[in-house]
1. Apply the Karplus curve 6.51 cos²θ - 1.76 cosθ + 1.60, θ = phi - 60°, to the phi angles in the stretch 88-103 and return the couplings in whole Hz, x for Gly and Pro.
2. Treating cross-link reach as a plain straight distance, find the aspartates and glutamates whose alpha-carbon is under 16 Å from the alpha-carbon of LYS157, omitting any fewer than eight places away in the same chain.
3. Amide H of LEU187: which non-local residues (sequence gap of 5 or more, or other chain) have their own amide H closer than 5 Å, using H built in the peptide plane?
4. Hey, can you rank 55-62, 90-97 by average C-beta count inside 10 Å, highest first?
5. Might you tell me the accessible area per residue for the stretch 29-82, computed with a 1.4 Å probe and given in Å²?
6. By how many nm would the segment from GLU95 to GLN21 grow when fully extended, if each residue of separation counts as 0.36 nm and the alpha-carbon distance is taken off?
7. Binning every alpha carbon pair distance of the stretch 51-140 at 10 Å from zero, what are the percents per bin?
8. Using each residue's phi in the stretch 68-82, evaluate 6.51 cos²θ - 1.76 cosθ + 1.60 at θ = phi - 60° and report the 3J(HN,Hα) Karplus result to the nearest Hz, with x for Gly and Pro.
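The values are calculated or read from the model by the stated rules, or taken from the named source; none is laboratory data. This structure is a prediction, so every number in the text was calculated from the model and none was measured. For neighbour counting, all protein chains shown are included, and Cβ atoms are generated from backbone atoms with ideal geometry for every residue, glycine included. In case anyone asks, the SASA skips ligands and DNA or RNA and just uses the protein heavy atoms, side chains included. Shrake-Rupley method; radii C 1.70, N 1.55, O 1.52, S 1.80 Å.
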Amino acid sequence: MNPNAAVPIPLGVSPLRETLQSGPLEFPRGAIAEIVGPDSSGRTTVAHSLLAASTAKGEICAFVDTYDSFDPVSAAACGVVLSQLVWIRCGKNTEHALKAADLLIHAGGFGVVVLDLCQIAPRVANGIPLSYWWRFRRAVEKTPTILALIEKQPLAKSSASLLLEMQRKQAVWAGAPGFQVLRESELVAIPRKPVRAMPHSIRAKAWA
């Protein structure tokens, strides 16, 4: 082995920054990660996988549920340890969700905090001050916490260290015509930030 050979470092990740492996994806700790895409693109699947990876290490996580859309049964099927998950329901109030996320990341002690903003209206999303994301980035940057935002469109802009665009490549259905059920989806995670990283293919099985 050549001692002078360069050691590969995941793109967009500082050599000193710890990461959390979630399937084929690697999330930098102490940073904001945005997971974006249209409905049924795999945003929630990736978020569940990230929570599963964190809780498998014994870490406490949190899910800030803006529109009361979190399904604990599906999360558990993905491997999330629910006894290590704080679930905060915000009753469709985006301001409450942002304040809850703010309190969680400033309190510290969480491996992953997921902020679900998938269902908020575009005018509400565009009205969130950029100062929120700057404040969140400053709060997590010297901690092991990952703040994962799941959204339709990127919101954190330059405050995010990782931006994944999710796409559903194909779906596998089973059953007779007219009575088919989804069995498996092939998802593609395209890193838009860092832009030089390669896309990752993910297979998600339907829970039955």
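1. For the stretch 88-103, the Karplus-derived couplings read 10, 9, 10, x, 6, 10, 5, 4, 5, 5, 5, 5, 5, 4, 4, 5 Hz, x marking Gly and Pro.
2. GLU34, GLU141, GLU165
3. Under 5 Å from the amide H of LEU187: LYS169, ILE202, ARG203, ALA204.
4. On the way: 55-62: 17.5, 90-97: 15.5.
Put in order of decreasing packing, that is 55-62, 90-97.
5. 31 Å²
6. Values: separation 74, 0.36 × 74 = 26.64 nm, distance 3.08 nm.
Going from the current span to full extension adds 23.6 nm.
7. Values per bin, smallest distances first: 17, 47, 30, 6.
8. Those phi angles translate into 6, 10, 5, 10, x, 5, 5, 4, 5, 5, 7, x, 6, 7, 5 Hz.
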